[in-house]
1. What list of ³J(HN,Hα) values in whole Hz, one per residue of the stretch 107-118 in order, does the Karplus curve 6.51 cos²θ - 1.76 cosθ + 1.60 (θ = phi - 60°) give from phi, with Gly and Pro shown as x?
2. Quick one: if the Förster radius is 30 Å, what FRET efficiency do V74 and S172 give, using the C-beta to C-beta distance and rounding to 0.05?
3. Considering only C-alpha atoms, what is the centroid distance from the stretch 171-186 to the stretch 45-80, in Å?
4. Volume per residue, Å³, of the convex hull around the alpha-carbon atoms of the stretch 162-309?
5. Say a site is exposed when it is one of the GluC sites (Glu not before Pro), sits in a DSSP loop, and has at most 13 other Cβ atoms within 10 Å; what is then the longest site-free stretch of the chain?
6. Quick check: convex hull of the Cα atoms in the stretch 75-158, volume per residue, rounded to a whole Å³?
7. Can you give the Rg and Dmax of the stretch 31-91 based on its C-alpha atoms, in angstrom?
8. Quick one: the Cα spread of the chain along its three principal axes, in angstroms, biggest first?
Amino acid sequence: MAVDADTRAYLDSLAGLPGIEALPVDEVRAATEASAPKLFGPVDEVASTEDRAVPGPNGPIRIRIYRPAGVEGVLPGLVYFHGGGWVIGSIDTHDGVARALCARTPCVVVSVDYRLAPEHRFPAAVDDAWAATAWFYERANELMVDQEKVAVGRDSAGGNLAAVVARRARDSGLPLVHQLLIYPVCDYDLDTESYQANADGYGLTRAAMNAFWDHYLGESGDGFDPDASPLRSDDLSGVAPAFVLTVEHDPLCDEGEAFARGLEGAGVPVALSRYTGVVHGLIRMPGTMARGDEALDECAGALRGAFGG
């Protein structure tokens, strides 16, 4: 299916620009930070936000806690890992998404500024994501969060981290109720059909993903380690139920859907939703692509269902 009109206008705006793999990492990070507010557009109202630093395996991890407006008492909680190929992005670039999920679910959201590559290579991001999740669970009472209603989630590389954390949670006895995986990176395989069909011209390119993986793994990281490629896990049984959202014109489409099938085959309740005519990055660009708002609503609905609301 061809891309829709909003997506075509967005892609046309990128025409002639160099690929992110050709630019210095600092330049790409700065451009991502600068463009995020316009891409997202108006943000949802929340009652409060609070920035904190929590203990991590290599020093403090910055987090931002969002509380929804208009609801009181103990609430469900979502630990949220931003996307950006483990290299770019922050809790600021994905602030609009965190606010939307907080307000529309509603739930307490803790957004995590995990360490980025190439300064901090695999498994630094995984270790930070797990540390922040364990901290959140342990502090649930203090944060007015129901320990029995804690989920993890996010998009792209953040979805990758959420899937790995869900497996660690199973192995550690931490009872997550849900994993929200939005076009997640699930496998170190750049030769799937969706990689071939969407290698260029749809925003996220095969060359960019290759660069992200190189930054993340360095020379010594194993891309087929299940903590890098959750699709390679020998056993997915017993992990938290999942909602997996994929988009048609995305190199990552096939691996996200393969991961959903893997969960289902392991007996894990999973729902899969594919958006046609759109591209990777949809949910952080509702100011540019109207269907991004629809996708955010569906994600919030999946969380409500998981939390029993």
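1. 7, 7, 10, 10, 9, 10, 8, 5, 5, 9, 7, x
2. Here the calculated transfer efficiency is 0.85.
3. So the separation of the two Cα centres works out to 18 Å.
4. 113
5. No qualifying site falls inside 220-309, the longest such stretch.
6. 79
7. Reported Rg and Dmax, both Å: 14.1, 39.
8. Computed over the chain, the largest-to-smallest principal extents equal 51, 41, 37 Å.
Every read-out reported here was derived from the displayed coordinates using simple, explicitly stated rules and does not represent laboratory data. Keep in mind it's a predicted model, so treat the numbers as computed, not measured. Positions of Cβ are generated from backbone atoms using ideal geometry, with glycine treated the same way; all protein chains shown enter the neighbour counts.
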